[in-house]
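The values are calculated or read from the model by the stated rules, or taken from the named source; none is laboratory data. Everything numeric in this text was worked out from a predicted model, so none of it was measured. Don't worry about glycine lacking a Cβ; one is built from the backbone with ideal geometry, like all the others, and counts go over all protein chains shown. Accessible surface areas use protein heavy atoms only, side chains included; no ligands, DNA or RNA. Shrake-Rupley method; radii C 1.70, N 1.55, O 1.52, S 1.80 Å.
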Amino acid sequence: MGSTEDERSIVGALEPGRRLEADGTDDERSILGDLHRISAHIEQLEDAARAARAVEFDQIRAVVQQLEAVATTAKAVESDLARELADTNRMSVASARVVRDRLAAALRALAEALVSQEERVE
């Protein structure tokens, strides 16, 4: 049963804030010292991980802000292109109307010329 009591004293000594007790054996104090150092290293690693996570989140936020800016710019470009396309379509429609009107006038003139020619032939 001595080993169970030793285990309990070692586990109890591992509680945060507890100091190494002077009444333990050198081996126990050595093991407990090592475990406390390991615990301190683990805490440092956890702190470093939290700091890295904070930096990582800041970087992610910066990337998200950049993506939002790109999306806003893309929407503006899309809007400009839509307006330009609408203007181009209007220009195309207007140009098509001019061509149509000229074609209609040319066809009328041709039809009139043909009618005149037929009247002369008769």
Practice prompt. Starting from segment 55-80, take each residue that is without any contact (Cβ under 8 Å) to a residue 24 or more places away in the chain and list its partners that are of a type outside the set (Lys, Arg), counting only C-beta distances under 9 angstrom and pairs at least six apart or across chains.
Written response: none
Discussion item. Suppose we keep only residues that are open to solvent by less than 90 Å² (accessible area, probe 1.4 Å) and among the charged types (D, E, K, R) within segment 72-122. Which one would you say is modelled with the highest pLDDT?
Written reply: 101
